[in-house]
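Notes follow the structure.
Please treat every number below as a calculation from the coordinates, not as lab data. Predicted, not measured: the structure shown is a model, and the values here were computed from it. Using ideal geometry, Cβ is built from the backbone for each residue, glycine included, and neighbour counts are taken over all protein chains shown.
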Amino acid sequence: MTYFAGQPAVFISLHDAQTLAVDGQPLATAIVVRGHVATPPPGTHVQSNQDVFTDLRRPMKSAGGTIDMMRILLWIVAGGIIGSILYLQAIERTRDFAVFKATGVTGRALASGLAAQAIVLALLATAVAILLSIALAPIMPIRVEIPASAFVLMPVVAIVISVFASLVGLRRAVGVDPALAFG
């Protein structure tokens, strides 16, 4: 059994704990019992398993908030990278887009093609991220738990962010002048 980010928990008798920790003084921070306590000893109170679980997770709350903030920042960076890649591709392919538009390809078709590129790029990046997270989780210094919902949510979020990040490149592709193809 562990708590506090994987730190091991040891259960020993109250007498042994008092002898080891407080030189035999009658002091206890918690007493674990099986069954139900009708009347707790004076100066103590009873907590349910859920109360104990909540109390043990309290020190991890700020760490969890930091991790959540880092996750948001990494999503923003990932969206920026995908948007930059697609924008650079749009700049490099300006003549190609002009030829497509000169031959009758609609702006919607060009935008769909770039959006499809963004989706493929996002799905490939998600697949690599999932494989890396599974491979690296066992070698982390503390226990890493990856909820199953993350494997479902990550591709969806990646697609939304990458399509949103590619809007600048999409705008460039759709707004290209067909006359550029002949220049």
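For the chain, the 222 nm mean residue ellipticity estimated from helices alone, with every DSSP H stretch of n ≥ 4 adding -39500 (n - 2.57) and the total spread over all residues, rounds to -21000 deg cm²/dmol.
Within the chain, the selection of entire DSSP H helices by a Cα span of 18 Å or greater along the long axis and an average Kyte-Doolittle value of at least 1.0 returns 60-92, 107-136, 148-165. Full extension of the chain segment joining LEU20 with ALA38 gains 3.5 nm, where the gain is 0.36 nm per residue of separation less the Cα-Cα distance.
Fully extending the segment from PHE11 to LEU56, taken as 0.36 nm per residue of separation minus the present Cα-Cα distance, adds 14.7 nm. For the peptides 12-20, 83-91, residues were scored by their other Cβ atoms within 10 Å and the scores averaged per peptide; the highest-first order is 83-91, 12-20. Give the shape of region 43-141 as rounded, prolate or oblate, defined through the alpha-carbon gyration tensor: a ≥ b ≥ c are the square roots of its eigenvalues, a/c under 1.5 means rounded, and otherwise the shape is prolate if a/b is larger than b/c and oblate if not. Because a/c hits 1.5 or more and a/b exceeds b/c, region 43-141 counts as prolate.
Peptides 71-78, 114-121, 29-36 ranked from most to least packed by the mean count of surrounding Cβ atoms within 10 Å: 114-121, 71-78, 29-36. In terms of its C-alpha gyration tensor, region 96-183 has a prolate overall shape, because the principal axis ratio a/c (a ≥ b ≥ c, square roots of the eigenvalues) is not below 1.5 and a/b outweighs b/c.
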